[in-house]
Each structure stands twice: as structure tokens, then as C-alpha cells.
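A quick write-up on the structure given underneath.
The values are calculated or read from the model by the stated rules, or taken from the named source; none is laboratory data. None of the values given here were measured: they were computed from a predicted structure. With ideal geometry, Cβ positions are generated from the backbone for all residues, glycine too; neighbour counts draw on all protein chains shown. Areas reflect the complete protein model, heavy atoms only, side chains present, ligands, DNA and RNA absent. Shrake-Rupley method; radii C 1.70, N 1.55, O 1.52, S 1.80 Å.
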Amino acid sequence: MTEEKGAGMVNSNTQEKIGNILFSCFVVLGVYVAGAYFFDFFYDLNDDMVIKDILSGAYYGIPDGHTNQMLYPIGFLLSCIYRLLPQVSVLGAFFCLCMGFCFIMITYRMIGFFKSNKVKITTVILMTMVFTSLMIWELIYVQYSVVCGCLSAAACFWFYTTPVECEPKEFWKKNFPALLLVWLAFMIRSEMLLLTAPFIAVAGILHWAEAAKLEKDDYNGIERKKEWQHVLSKGNVLKYITFIVVLITGLGILLGMDYLAYRGQDWQEYRKFFDARTEVYDFTWYPNYEEQQKFYEENDISEMQYRLIDNYNFGLDESIDENTLRTIASYGEKSKMPGSTAHRIKITLWEMTNRLFSLEEVPYNYFVLVGYGLVIGLSVIQKEKKYVWKLILLFFMRCIPWFYVIYVQRAVTRITHPLYIAEFLILLAILVKELYDRPLWNVERYYRMAAAGVLAIIALISLPMGFGKVKAEQVRREQVLVNQNLLDDYAKSNSENFYYLDVYSTVGFIEKMFAGVDNSQKNYDLLGGWFYKSPLQKENMLKHTESTTIEEALLKDNVYFVAEKEAEISFIEDYYKTKNRKVTLELQDTVGEGENPFLIYKVTEDLNGKKTFNKKN
């Protein structure tokens, strides 16, 4: 039983703490070194790449913190670092540090419960297996929403495993890292932080309830107080109420700083357009024109505008504005899911249940289900009813974000995976506090070994599957990069020109985080995209084309249109026809290999039977 001595609180010995920190850092560094040996790290999606381009100056020529997706305080800080280190992958390093720091905090907290180096090593091996099997995709293909979710999940684990017997001052000292993680997560992706907020609340409620029970058990007054009175005792109010107030106040300050950074009229108008665009594409979608022609005609939305919205090249038509998209979103919301509200709720609840057991969600749902099963098993062997209300509370709170994302049909992996991870970490924290924070009797010791074995088996089964998926994706991405890199080189070799890219032709664009880093300004942009209508997009267009609209810019002599060979491009000629202008697309060059290379077109206008370029000057 000597290995259990000192359990229940992180070791107070400074030298041992430093050793635990170094050990945790070494383990996480080893995971990343192994990842770098087998794979290349990538930005997962286009969104991450655009954010990187804005921050680094590759988009506008000067590093800028106005990414819109991340709150300005963190954007400003990262853009400043880019100014100091212009050829370094600052955003990639920042994302990896955030993910690594989460793993370090969890590892450090867990091994801090033990004196025995043997038990520490065993625990670290197990947790490395578990979290690598859960996170192998997210560690290699990094997405900022996932980074936010992992920071929030780590904050939950850290907070809940803090000793409940702390005095207010010690409580603040120990939980300040969790506070910083939540604030950092909020700045990276505020929407994702709000989705994980129910799990933060669960961690706080469970910890507060345990502190109240401890105080009740230790109360030596003449009249024994009820437990709820200990919840509101002076000590607990100082610890928890003030923590909540400071947490929310910090979030408010960060939002205020972001608002001030975007207070200009141009940015305000862009954000309204961005919100409307997000509503249409990410939530409500848009009705088919042929099926809902009457709706479009009644709202003065032409078939041409519908086509541009449908192929994402809405930047060609300046008249597609916030009001246009709001109108479509409002109608789309009504027609998105047939049936009554009760019917939609029924479908949502069914999918929530189905996802918990679906093979498509493995290993995330299996780790969560096993977590619930292990806590229930612990309740049986200890004959304790306290776990029942904890599990009920956790399951109820997990249903809040899950119901929302499924109801609005936004249950994509970059959202669902962090939700699973946060839920699993709270279940793991419950097990850790009950099985590792005190001397155990024999049945508990055997149960602890069995729990570790079950988690290890799931990890051993799922890790090769995850490795295989990541490896296959590496091959696919390398193939995509061939033509993408050729197009990038082509644009750089023709730096006097500017290129507008068909949006659908760029959906598969990817970028490695640390290989071939080049933050020099790009001389191309999308014909739409989520950054369209932003002040930086307008200034960039004016600087390169001396035009205020893409419609006019495409007719400049140094501006070209780029699309994949298989892309549908007739919309350009058709659009100009609606403006009583006749244009033709003349193929200028072919860039790339294989069956679907990129084609470079020049848009020329026919004036009185004579094709002319609209000169830049």
C-alpha cells in the first residue's frame, strides 16, 4: 500500500513537482516527435489556412489580427509574433503548443497522485495510449475548433481534480491554470467554448458539491447544518462564486476588446454579412431554385444570384448582400426539416441515441460509454449512491450541446469530437478521484486494474485503425498538393498578375504546417469565401486590381480566372449577360498534372464586336 501514500492531493514537494512536470513534458514531446517521424502536420481545413494567411500577412501583405474567426486579442498577439518571425509557422506552433499543453496538464495532474515511479510510468503509458487513440487525427490534422474544445476539456479535468479541501487562496492558486485555459479557448473559437460550457458547469457543480459535503462532515458546531447550507457557506462562496464572476468577467472583457477592434462601420457591415452567410451555408441551407422559384421571384432574387450562391462564387455579384442571405436563411429554416417542431425533436433525440452506439463514432463514443460503465461499476462495488446524481447531471448536461448541434444539423467531427473528449475527461476525473486519491481496499485495487485494462484494450484496438486512417489521408493530401503547389508556383512566377479562383475548385486546398513555410503575400483570392466583403479583402482587391468590385476587376488586363478543368464556368459569361455585357473566357494556360489540372482563363469583353481588355491604368 505504500504506493498510495500521499494520494488525494498533488505532492507538495517542490522537487517532485518539477520532476512530474519534466516527465509530462518529455512524454508529450515524445508523442509529437513520433507524430513528426511518421507524418506531416497539416492545417485541417481551408478556414485554418485563411486564418493563417491573414495573421501571417500572406493575405494582405502585412500581418493582421482581424481574422473574424478568432477573437482579436489572440489574433493581435499572433500577428505581432508573425511580424517578429515572418518566416516561422507561428499559428501551427501555437496550435500544437495548445494541444500539447492540454496533454501535459492532464498527465501532470494524474501522476501527481502517486509516489511510486512504477505506478507513474504505468499511468502515463496507459493515458498516452488512450489519448493518442482518441486524438491521433486531431494531433496531425489540426483544426482551431478542436484546439478550443481540447483546451476547455483540459480545464474541466484540471478543475475537477483539484483537492476540495483547499482554502480560498490556495483554491485560486491551483485553479488559475484552468481559468487561463477557458479564456484562451474562448479567444480561439468562442462558439466552440460555448458548446463545451455545460461540461465546465458540470465540473464546477461536482467540485462545489464535494467541498460542501466535506465541510458538512467536518462541521463541529452545536447544531449540525444541512448540506445545502454548506454550499453557501462563506468559504465556498469565496471560492466558487468569485471564481464564476471572474471567469465571466474575463470573457466579457475579451468580447469587449474584440468589439472595439471591429467597431468600424466597414467591419460591422462585414460581420453582419458574414453572420448571414454562415446562417445560409452552415445552418439553414438554401432551397432549390426550380422547386422554389416563386419564393425567389417574390423576393427579387434572380436565378443568376441563386447560381452564384450555389457555387459559392457570390463575390462576383456585389448586390448579393446581408439582406439577400437573411431572406434565404429565413425561408430555408422553415423548409430545412419537414414536419412539426415535435417531429424535429423526435428525429434529433433518435440521432443522439444512435450516435452513442454507432460504429461510425468509434472510438469516441466507446470511450464515453465505457467511462459511464466504469463509474456505475464503481458505484456498485463501493455501494455508494453519490455517483448516480453525478452521472445523471453529466448526461443531462451533455445532451444540451448534442441536441443543439444535431437539431441545427451541424454535428460535424470538428464539433462532436471535442464534445466526446470533454465528456470522457470528466468521467475519467471521477474515476481518478475515487480510485487514486486514497488507500484502496482489495476489491477497489482489482477494479482499478480492470478499469485500466478495459481502457487499454479499447486503445489498442482503435489506435491501429486511427493510424491507418491518418496514413491514408496523408497519401491523399500529398496527391492534392501536387497541383496546388504547381498553381502556387505559377502565380508567384507571374507576380504582376492577380488571380481569382473558383471556390469549389479550392475546397480541397490544404497546407502543411511546418514544411515549406512561405508567408509571403499571395497574388490570388477566392471569388467568394467567408472573408469576402471584409475591409482587408476590399483593400487587397483595390491594391492589386485598382477596382472596387470583382465584376470590374475580372476585366482588368492583369487579372485572370482560375478553375479546375472539370469545373462549371459558364456562370461568368451568363452573369455578365445579365448586366448587358458580352464577355468570353479565353484559355491562357494549363497548370497541373492528371485528369483535372487548373485552367487559367482571361475574361475579355466584346465592345461593338471588338474584344478589349479593360486596362489597369
Here the residues within segment 559-573 that are farther than 25 Å from residue 546 by Cβ and surrounded by 13 or more Cβ atoms within 10 Å (Cβ to Cβ) are 564, 565, 567
How about segment 407-432: which of its residues are free of Cβ contacts under 8 Å to residues at least 60 places away in the same chain and over 17 Å from the mean Cα position of the chain (by Cα)?
427
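Quick test for you: out of 454, 432, pick the one residue that is farther than 24 Å from residue 350 by Cβ, β-branched (Val, Ile, Thr) and in contact with a Phe, Trp or Tyr (Cβ under 8 Å, 6 or more places away or on another chain).
Working: 454 fails: in contact with a Phe, Trp or Tyr (Cβ under 8 Å, 6 or more places away or on another chain).
Being farther than 24 Å from residue 350 by Cβ, β-branched (Val, Ile, Thr) and in contact with a Phe, Trp or Tyr (Cβ under 8 Å, 6 or more places away or on another chain) holds for just one of 454, 432, which is 432.
Among what's in segment 395-452 and is assigned to a helix (DSSP H, G or I) and among the acidic types (Asp, Glu), pick the residue that is most open to solvent (accessible area, probe 1.4 Å).
Here is the first cut: in segment 395-452, the residues assigned to a helix (DSSP H, G or I) are 395-407, 413-435, 442-452.
When the remaining residues are screened for being among the acidic types (Asp, Glu), the result is 423, 434, 444.
Values: 423: 0, 434: 20, 444: 1 Å².
Looking at the filtered set, the residue picked out is 434.
Just to confirm my filter: which strands (runs of 3 or more DSSP E) fall fully inside segment 508-617 and include at least 1 residues that are basic (Lys, Arg)?
Those strands (runs of 3 or more DSSP E) span 598-607, 610-612.
Is it the case that residue 154 is of a type in the set (Gly, Ala, Ser), touching a Cys at 6+ places or on another chain (Cβ under 6 Å) and modelled with pLDDT of 85 or more?
yes
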Going through 289, 262, 296, 270 one at a time, which residue ends up being of a type in the set (Ser, Thr, Tyr) and open to solvent by 20 Å² or more (accessible area, probe 1.4 Å)?
289
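Residues are listed down the side, and each one gets a yes or a no for (1) of a type in the set (A, V, I, L, M, F, W, C); (2) under 22 Å from residue 43 (Cα atoms); (3) open to solvent by 10 Å² or more (accessible area, probe 1.4 Å); (4) in contact (Cβ under 8 Å) with a residue 60 or more places away in the chain:
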residue	(1), (2), (3), (4)
507	yes, yes, yes, yes
516	no, yes, yes, no
544	no, no, yes, no
554	yes, no, no, yes
Criterion first (hydroxyl-bearing (Ser, Thr, Tyr), outside any helix (DSSP H, G or I), out of contact with any Lys or Arg (no Cβ under 7 Å at 6 or more places or on another chain) and buried (at least 20 other Cβ atoms within 10 Å of the Cβ)) does residue 312 satisfy it?
yes
Only one residue in 165, 170 is part of a helix (DSSP H, G or I) and among the acidic types (Asp, Glu). Which one?
170
Restricting to segment 154-186, name every residue that is under 16 Å from residue 109 (Cβ atoms) and among the aromatic types (Phe, Trp, Tyr).
157, 158, 159, 160, 171, 176
Quick one: in segment 119-166, which of the residues that are within 27 Å of residue 93 (Cβ to Cβ) and hydroxyl-bearing (Ser, Thr, Tyr) is surrounded by the most Cβ atoms within 10 Å (Cβ to Cβ)?
152
Any residue in segment 352-378 that is touching a residue at least 24 places away in the same chain (Cβ under 8 Å) sitting within a Cβ distance under 9 Å of a residue that is assigned to a loop (DSSP other than H, G, I, E, B) and of a type in the set (A, V, I, L, M)? List the pairs, counting only those 6 or more apart or interchain.
355/411
Tally the residues that are under 27 Å from the mean Cα position of the chain (by Cα) and either among the polar types (S, T, N, Q) or within 19 Å of residue 414 (Cα to Cα) (or both), restricting the search to segment 358-402.
16
Among all residue pairs at least 6 apart or on different chains, which show Cβ distances below 6 Å where the first residue, located in segment 238-262, is in contact (Cβ under 8 Å) with a residue 40 or more places away in the chain and of a type in the set (Lys, Arg) and the second is assigned to a helix (DSSP H, G or I) and surrounded by 13 or more Cβ atoms within 10 Å (Cβ to Cβ)?
239/168; 239/171
